[in-house]
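Structure first, commentary second.
The values are calculated or read from the model by the stated rules, or taken from the named source; none is laboratory data. Remember, it's a predicted structure, so these values are computed and weren't measured experimentally. A quick note on method: Cβ atoms are made from the backbone with ideal geometry, for glycine too, and the neighbour counts reach across all protein chains shown. Remember, those area values only see protein heavy atoms, side chains included, never the ligands or the DNA or RNA. Shrake-Rupley method; radii C 1.70, N 1.55, O 1.52, S 1.80 Å.
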Amino acid sequence: MTSTVIEIFFIAILAGVVGSVLGLGGGIVVTPALTLLFGVDINHAIGASIISVIATSSGSAVAYIRDRITNLRVGMFLEIATTVGAITGAFLGAVIAPKFLYVIFAVLLLYSAYAMIKKGKQEIPTGVPLHPVARKLGLQGEYYDKAMGQTVAYNVDKVPQGFSVMYGAGVISGLLGIGSGSFKVMAMDVFMKMPLKVSTATSNFMMGVTAAASAGIYLLRGDINPVISAPVALGVLIGATVGSRLMQRMKSKTIRKLFIPVMIYVAGQMLYQGWRG
């Protein structure tokens, strides 16, 4: 048992690094690792995944907020959309066949992956207009890019489209019980045309808020097993701290190259689930 806990701990470190760099939380690594490699019950794996998301957010949020990479105004604004969407998804569960949503969102992810590929070697967005809503809410910002060695000022465009995608991400989370980190990054990077580093940092912040709100439910259900969750939380926290430093020194085009295969993988999983359903 001790060796298993140690193995889970090291996998959690990897999950923390990946989650922090890509803005996806640690769940995308933790859940399949626990179920496929260690035979952990899916409910306990999801409970540990929720803990990993909180740990990823906690481990990276301090560095990202301190260095002003996280856009708190955008994060809290879009959190409204995901929260309302999650409530909507919970109600729609009884009237909509999930397989249709799987297919719709898989196609959306594939489109976004294509849009990211088209950006190619673009380091930061250029010529982005400031949307009137973004101007009114003060959503634009700036941060110091350590990889480029310069301060990057950016605008925020297409706020309604980004808000709509975030609402959809909330719906699919509430209806299908899956994480929506890839949709959060996609909404900010592809639609709102924010720098990728800002998108991933803000996604990390948002997922922590969402996961913390739902963790109590999993705890009351008994789905959070301390023997599994404790090494996951500690490992992910360490990995996220390392990942937050690593991400700031990586170029955006490198992060994008890592992110695109993840989006295609998630889209493939959704298409498979839709086909099975």
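Is it fair to say Tyr64 is hydroxyl-bearing (Ser, Thr, Tyr), within 19 Å of the chain's Cα centre (by Cα), within 29 Å of Gly239 (Cβ to Cβ) and open to solvent by less than 70 Å² (accessible area, probe 1.4 Å)? Yes; evaluated as a whole, the condition is true for this residue.
Rundown of residues vs (1) in contact (Cβ under 8 Å) with a residue 60 or more places away in the chain; (2) within 14 Å of Gly59 (Cβ to Cβ); (3) touching a Phe, Trp or Tyr at 6+ places or on another chain (Cβ under 6 Å), yes/no style:
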| site | (1), (2), (3) |
| --- | --- |
| Ile224 | yes, no, yes |
| Ser229 | yes, no, no |
| Val236 | yes, yes, no |
| Met250 | yes, no, no |
| Lys253 | yes, no, no |
| Pro261 | no, no, no |
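The requirement of being within 28 Å of Ile11 (Cα to Cα) and either surrounded by 15 or more Cβ atoms within 10 Å (Cβ to Cβ) or free of Cβ contacts under 8 Å to residues at least 40 places away in the same chain (or both) is satisfied by Thr56. Inspection of the stretch 71-84 identifies at least one residue that is in contact with a strand residue (DSSP E or B) (Cβ under 7 Å, 6 or more places away or on another chain), part of a loop (DSSP other than H, G, I, E, B) and touching a residue at least 24 places away in the same chain (Cβ under 8 Å). When the stretch 229-268 is filtered for residues that are more than 22 Å from Met188 (Cβ to Cβ) and open to solvent by 20 Å² or more (accessible area, probe 1.4 Å), the ones remaining, listed by number, are Ala230, Ala233, Leu234, Leu237, Ile238, Thr241, Val242, Gly268. If the condition is being modelled with pLDDT of 85 or more, over 17 Å from Phe191 (Cβ atoms) and either of a type in the set (Val, Ile, Thr) or open to solvent by less than 40 Å² (accessible area, probe 1.4 Å) (or both), then the stretch 69-126 contributes Ile69, Thr70, Val84. For the stretch 188-211: of the residues being at pLDDT below 90 and in contact with a Phe, Trp or Tyr (Cβ under 8 Å, 6 or more places away or on another chain), which is surrounded by the fewest Cβ atoms within 10 Å (Cβ to Cβ)? Across the stretch 188-211, the extreme among qualifying residues is Phe205.
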